[in-house]
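What follows is a set of notes on a single structure, which appears directly below.
We did not get these values from a lab; they are worked out from the coordinates using the rules stated. Model, not experiment: these values are computed from the prediction. Heads up, the Cβs are rebuilt from the backbone with ideal geometry, glycines too, and the neighbour counts pull from every protein chain shown.
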Amino acid sequence: MPSTVQAVQAQKKQPEMKQPVMYQRWEELLFLHWEYDPMELQARLPTGLHLDTFEGKAYVGVVPFYMQRIRPRFLPTVPWVSNFLELNVRTYVIDDSGVPGVWFFSLDCNQPIAVRLARKFFFLPYQDAQMIAKRQDHVVQYAAKRYGEVHAASFAYAPNGPLKEANPGSLESFLVDRYWLFAHNTKTGDLYKGRVWHQPYMVGSALCSEWSHVPLAWNGLEVAGRPPDHIARAEDVAVRVYSVERLV
């Protein structure tokens with residue numbers, strides 16, 4: 001079985017597989033990561049997934065960004081449907097065959113249609129949220145509040161120096177170079193994986209004057225208010241999304 005580093009490097013190549021079902025563009029990506037208790041994270045994973053760690057450490061991430069130009073393969077973009085905001089809470093896993101990918105605890109979104117389609121066709125735990133973001137003088141002001149929750153999350157971030165592709169085997173590569181997602185159909189118990197491909201991220205540091213651990217709390221993940229252990233931003237990417245497949 002190849003190592004996680006070898007598997008990730010192989011996944012960077014454009015897939016030679018059936019056509020994507022959807023095209024997207026991800027913009028203004030901020031990655032905030034906290035070290036977390038590996039045993040607690042593993043206990044929250046479905047059967048068939050194993051926590052992936054870096055030098056023995058586990059991480060949980062909060063990722064706010066803009067979802068732009070979303071469209072199915074055969075349809076054009078629609079202005080009031082194709083552009084919205086998304087905020088993910090995630091960790092990193094390997095399946096029984098050694099494929100590394102992302103496990104989402106939640107995906108908050110301010111586009112109700114997207115929430116329902118993603119739940120139905122990708123089995124992902126999307127949540128409805130009130131969200132707003134603006135860009136001014138290279139600074140992104142981003143806020144989100146999940147429906148039914150008391151507290152809101154706010155972020156303010158800006159570029160801080162050059163961007164480059166993460167070095168293979170580095171922590172940044174471990175955190176951002178992921179080209180498969182895993183999903184769990186809670187009704188049937190089936191586990192799925194789906195390919196998500198884009199050119200390798202160009203990543204670098206970010207000036208993050210405001211950050212929030214509130215999305216972790218929405219998912220019952222507590223970090224006692226401590227600041228992120230790792231902060232990074234990434235250049236915008238064009239994304240191809242493939243249909244999910246059930247794991248045997």
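Side notes on the structure shown:
- Restricted to the range 135-153, and to residues there that are among the aliphatic types (A, V, I, L, M) and not in a strand (DSSP E or B), the residue that is surrounded by the fewest Cβ atoms within 10 Å (Cβ to Cβ) is VAL150.
- Selected residue (only one of ILE94, ILE132 is in a strand (DSSP E or B), among the β-branched types (Val, Ile, Thr), free of Cβ contacts under 8 Å to residues at least 60 places away in the same chain and out of contact with any Cys (no Cβ under 6 Å at 6 or more places or on another chain)): ILE132
- Among residues of the range 8-58, those that are closer than 23 Å to ARG73 by Cβ and in contact (Cβ under 8 Å) with a residue 12 or more places away in the chain, counted: 15
- The single condition from (1) under 15 Å from ALA153 (Cα atoms); (2) part of a loop (DSSP other than H, G, I, E, B); (3) not hydrophobic (A, V, I, L, M, F, W, C) that SER209 fails is (2).
- Close contacts from the range 139-164, counting a first residue that is over 19 Å from VAL237 (Cβ atoms) and touching a residue at least 24 places away in the same chain (Cβ under 8 Å) and a second that is assigned to a loop (DSSP other than H, G, I, E, B) and among the hydrophobic types (A, V, I, L, M, F, W, C), with Cβ to Cβ under 7 Å and a gap of 6+ residues or different chains, come to ALA144/ALA152; PHE155/TRP211.
- Test: residue in the range 175-193 that is on the phi > 0 side of the Ramachandran plot, acidic (Asp, Glu) and over 16 Å from the mean Cα position of the chain (by Cα): no
- Criterion (outside any helix (DSSP H, G or I) and of a type in the set (A, V, I, L, M, F, W, C)) met by exactly one of ALA118, ALA156: ALA156
Table: residues versus (1) among the basic types (Lys, Arg); (2) assigned to a strand (DSSP E or B); (3) touching an Asp or Glu at 6+ places or on another chain (Cβ under 8 Å).
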{"position": "GLY194", "(1), (2), (3)": "no, yes, yes"}
{"position": "GLN199", "(1), (2), (3)": "no, no, no"}
{"position": "PRO215", "(1), (2), (3)": "no, no, yes"}
{"position": "VAL241", "(1), (2), (3)": "no, yes, no"}
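- Scan of the range 45-92 for residues that are among the basic types (Lys, Arg) and surrounded by 14 or more Cβ atoms within 10 Å (Cβ to Cβ), ordered by number: ARG69, ARG71, ARG90
- Scope the range 144-168; condition under 20 Å from the mean Cα position of the chain (by Cα) and among the small types (Gly, Ala, Ser); matching residues: ALA144, ALA152, ALA153, SER154, ALA156, ALA158, ALA166
- Residues located in the range 104-115, provided they are touching a residue at least 40 places away in the same chain (Cβ under 8 Å), in a strand (DSSP E or B) and within 11 Å of LEU85 (Cα to Cα): ASP108, CYS109
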